[in-house]
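The values are calculated or read from the model by the stated rules, or taken from the named source; none is laboratory data. Note that the coordinates shown come from a computational prediction; the quantities given were computed from them, not determined experimentally. Counting neighbours? That spans all protein chains shown, and the Cβs are built from the backbone with ideal geometry, glycine included. Surface accessibility is based on the protein's heavy atoms, side chains included, excluding ligands, DNA and RNA. Shrake-Rupley method; radii C 1.70, N 1.55, O 1.52, S 1.80 Å.
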Amino acid sequence: MPDPYRIWLSEVMLQQTTVATVKDYFARFTARWPDVAALAAAEDADVMAEWAGLGYYARARNLLKCARTVVAEHGSTFPANHDALLKLPGIGPYTAAAISSIAFDLPHAVLDGNVERVMARVYDIHTFLPAAKPELMARAAALTPQDRPGDYAQAVMDLGATICTPKSPACGICPWRDPCLARAEETAAVLPKKTPKKPKPIRHGTVYLAQREDGAWLLETRPDKGLLGGMLGWPGSDWIDTTEPRPEGRPPLAADWQPLPGEVRHTFTHFHLMLTVQHARVGHNVSPEAGEFIGQNQFSPSDLPTVMRKAFDLTR
DNA sequence: AACACGTGGTA
DNA sequence: TTACCAAGTGT
């Protein structure tokens, strides 16, 4: 049986994230925390730092909650039960089905973006997402075999990822080209139909990068909820829609702040961000109003979420 | 139901 | 450069 811990970890990392991006993170996590008990015993800050750059940081917070629940309530073993898995933090319908089928050989149907696309095309379903989900799930469930459901799940997702791709699918080499209704109707290119997305507003803000004479940087751990929750970041203003005046917020300490040349541009899921970066070198006796100094040797820019790392990069 | 929530690759 | 897209979940 595949190790449920590794299946769980990989499936959570793969939520909305490509295999290529996940690969190195998965290797580092499993080397550092080889089983669920080790992960449950980890420091929050260490896990968040190791997750930095992967995005969707609620996944990392829920990863720890889930590991600790498995240790406390399930004897450090993932339950071989779809409904019990679904109750765990960070495990939704997709991940519960993936762990059930791949780790435990239970015949539950996975419905991710790939399978949605494959089902919509094979059955020529023109209902818009997400309204089409129940219909797509019914088709996916009907196709899921009792025998080797995990292999089937990975196969159908691979089909979506490599052949039945969003743009210019390779219908000519598809194993399902004969039964596929969209291929017969020549509708594959427009399926699945999705409701158009709203335009992203542009927000502006300022961050303050203070370096003490001993090399320590002034950083803060962001609140557990909301954007970049639980992650390390630079103190700064709120990020708001207005351009005039540029939001400056309140510097975390009094210093000779100098704007760094250039600016940070970064796009989140639902807005574009333009950041002004202020920089100052400060003495050893300052006491900041926000955040705390972290020694040069206890901090790596790779511990930061990408937008914060971009701000750091302006100092290089 | 609709929205918040990251990032990097691709066309 | 911009817009879309990827092995979703929580509220």
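Structure data summary
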quantity	calculated
Value at 222 nm in deg cm²/dmol, rounded to 500, when DSSP H runs of n ≥ 4 in chain A each add -39,500 (n - 2.57)	-11000 deg cm²/dmol
Listed residues A:110, A:129, A:1: farthest to the positive end of the dipole of the range A:1-133 (Cβ charges)	A:129
Where only C-alpha atoms are counted, convex hull volume of the range A:202-313 per residue in Å³	102
Integer Hz, Karplus 6.51/-1.76/1.60 couplings in order for the range A:196-209, x for Gly and Pro	x, 8, 6, x, 8, x, 9, 10, 10, x, 9, 10, 10, 10
Other-chain or far-sequence residues with amide H under 5 Å of residue A:279's (modelled H)	A:209, A:258, A:260
Stokes-Einstein translational diffusion, chain A - Kirkwood Rh over all Cα pairs, 0.692 mPa s, 37 °C, in µm²/s	148
Carbon + sulfur, % of accessible area of the range A:230-309 - ligands and nucleic acids excluded, 1.4 Å	46
Spin-label pair residue A:296/residue A:162, simplified geometry with 7 Å Cα→Cβ offset, distance in nm	4.8
Net charge dipole size for the range A:167-316 [Lys, Arg +1 and Asp, Glu -1 on Cβ; Debye, nearest 20]	760
Entries in A:65/A:310; A:65/A:87; A:65/A:197; A:23/A:65 that, when Cα-Cα distance is taken, lie over 20 Å	A:65/A:310; A:65/A:197; A:23/A:65
Per residue, in Å², the accessible surface of the range A:163-307 once ligands and nucleic acids are set aside, probe 1.4 Å	60
Shape call, the range A:4-104: gyration tensor on alpha carbons, a/c limit 1.5	oblate
Residue A:194 versus residue A:73: modelled label distance in nm, points set 7 Å from Cα along the beta carbon direction	3.3
J(HN,Hα) series, the range A:306-316, from Karplus relation 6.51 cos²θ - 1.76 cosθ + 1.60, nearest Hz, glycine and proline x	4, 4, 6, 5, 4, 5, 4, 4, 5, 7, 7
Partners for residue A:193 among lysines (Cα-Cα distance below 22 Å; same-chain residues under 8 apart left out)	A:133, A:167
Sites residue A:170 and residue A:138 - FRET efficiency at Förster radius 35 Å, r taken between beta-carbons, to 0.05	0.85
Å² of accessible area per residue within the range A:4-104, as computed with a 1.4 Å probe and no ligands counted	43
Gain upon complete extension [residue A:131, residue A:155; 0.36 nm per residue less C-alpha separation]	6.1 nm
For residue A:129, distant residues with modelled amide H under 5 Å away	A:193, A:194, A:195
About the Cα centre, charge dipole magnitude for chain A (Lys/Arg +1, Asp/Glu -1 at Cβ), debye	760
Phi-based couplings in Hz for the range A:47-55 (Karplus 6.51, -1.76, 1.60; Gly and Pro marked x)	5, 4, 5, 6, 7, 3, x, 7, x
Contact order relative to length of chain A, as percent, for alpha carbon pairs under 8 angstrom and 6 or more apart	16
Cut-off under 5 Å, modelled amide H: who pairs with residue A:240 long-range	A:204
